[in-house]
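The values are calculated or read from the model by the stated rules, or taken from the named source; none is laboratory data. Quantities reported herein were computed from a predicted structural model and do not represent experimental measurements. Cβ coordinates were reconstructed from backbone atoms using ideal geometry, including for glycine residues, and neighbour counts include every protein chain displayed. Heads up: the accessible areas ignore ligands, DNA and RNA and are worked out on the full protein's heavy atoms, side chains in. Shrake-Rupley method; radii C 1.70, N 1.55, O 1.52, S 1.80 Å.
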Amino acid sequence: MSNIIKFPRSEQVEPVSPVPATSFNQDKLDKVSNTKGKAYVSGVLRFIWIAVVLVWPVLKWLVSIEVFFQFIRMIYHWNTSGVYAGWTFLLHFVALTTLTYFVSIYKPNGL
């Protein structure tokens, strides 16, 4: 068995006095708002990750077929001026690579 040590509680409540706004207090406020912002971004990323992972088997096929179509389009329009099919293919390929990385490597906090 283990020993459980209960620490005494302090029943004295100190009076709250107004503190002037200083740079030290502003730093504390910045840290609190920064913590709230990080928690919000973390929650949004967790939601997006779960949504993408749930539809990933179908989404992977659809995006891969679309990238293949952009590759064929890039080859067809290779010497056509005014058509930026190479950049379009590169953008779509980077999106597929990013989604693959996001699903397979990234793991949100709390899961």
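Numbers for the structure displayed
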| item | result |
| --- | --- |
| Residue satisfying all of: in the stretch 80-95; over 30 Å from residue 38 (Cβ atoms) and touching a residue at least 12 places away in the same chain (Cβ under 8 Å); most open to solvent (accessible area, probe 1.4 Å) among these | 93 |
| Inter-residue pairs, beta-carbon under 7 Å, first closer than 12 Å to residue 108 by Cβ and in the stretch 34-49, second of a type outside the set (D, E, K, R) and open to solvent by 90 Å² or more (accessible area, probe 1.4 Å), 6+ apart | 42/109; 46/111 |
| Subset of the stretch 96-111 (residues that are of a type in the set (Phe, Trp, Tyr) and either exposed (fewer than 10 other Cβ atoms within 10 Å of the Cβ) or farther than 14 Å from residue 47 by Cβ (or both)) | 101 |
| Where a residue in the stretch 58-79 is not acidic (Asp, Glu) and its partner, wherever it lies, is not in a helix (DSSP H, G or I), with Cβ under 9 Å and at least six apart | 73/83; 77/83; 77/84 |
| Lone qualifier among 10, 42 - being of a type in the set (Ser, Thr, Tyr) and at pLDDT 75 or above | 42 |
